[in-house]
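Beneath this line is the structure, given in structure tokens, with notes to follow.
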Amino acid sequence: KAHESMELAEKLDQVMCAEELFKNRDLTLSDLAHQLDLSSKDLSLYINDHLGVNFSEYLNSLRVDNVKSRIASSEAEKYTLLAIAEEAGFNSKSSFYATFKRVVGMTPADYKKSLDQNK
């Protein structure tokens, strides 16, 4: 079982991080499960049990991490926060702001300011 779980962790990491599947704004649990050759139920259980979050929280945390690294990059000045958020897979400004604030504990603008102050 532990071996299967490690294998699944690697596959999940591969499709979500290396292939950046999280950027697909229409991605559903069943799409991801299909990609991993699993049932939606098994994937959902795995994410809940091993990552301690539900699918939506998992997906949004990857998107927020992507946005955070993009904001911190030297390229950030060329794009609006919303453009960066949309490229990371967020569907709307309101869901982006609410999710970012919930995950990071501050607004995207405040996060950007905090980075600028630390430069």
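The values are calculated or read from the model by the stated rules, or taken from the named source; none is laboratory data. None of the values given here were measured: they were computed from a predicted structure. Cβ atoms come from the backbone with ideal geometry, glycine included; neighbour counts cover every protein chain shown.
Residues considered: Ser56, Ser95, Ser69, Ser44. Of these, the only one that is out of contact with any helix residue (DSSP H, G or I) (no Cβ under 7 Å at 6 or more places or on another chain), of a type in the set (Ser, Thr, Tyr), surrounded by 13 or more Cβ atoms within 10 Å (Cβ to Cβ) and not in a loop (DSSP other than H, G, I, E, B) is Ser95. Out of the residues in the stretch 64-82 that are at pLDDT 95 or above and of a type in the set (A, V, I, L, M), state the one that is nearest to the chain's Cα centre (by Cα). Checked the stretch 64-82; the qualifying residue nearest to the chain's Cα centre (by Cα) is Val64.
Given the condition modelled with pLDDT under 95, farther than 27 Å from Gln117 by Cα, in contact with a Gly (Cβ under 8 Å, 6 or more places away or on another chain) and of a type in the set (Lys, Arg), answer yes or no: does some residue in the stretch 15-23 qualify? There is no residue in the stretch 15-23 that is modelled with pLDDT under 95, farther than 27 Å from Gln117 by Cα, in contact with a Gly (Cβ under 8 Å, 6 or more places away or on another chain) and of a type in the set (Lys, Arg). Within the stretch 17-28, is there a residue that is in a helix (DSSP H, G or I) and either surrounded by fewer than 15 Cβ atoms within 10 Å (Cβ to Cβ) or more than 16 Å from the chain's Cα centre (by Cα) (or both)? Yes, that holds for at least one residue. A Cβ distance below 6 Å, combined with a sequence gap of six or more or placement on separate chains, defines the contacts here; from the stretch 88-100, residues that are within 15 Å of Phe22 (Cα to Cα) reach residues that are among the small types (Gly, Ala, Ser) in the pairs Phe96/Ala85. Of all residues in the stretch 73-83, those satisfying the criterion of being exposed (fewer than 14 other Cβ atoms within 10 Å of the Cβ) and assigned to a helix (DSSP H, G or I) are Ser74, Glu75, Glu77, Lys78, Ala83.
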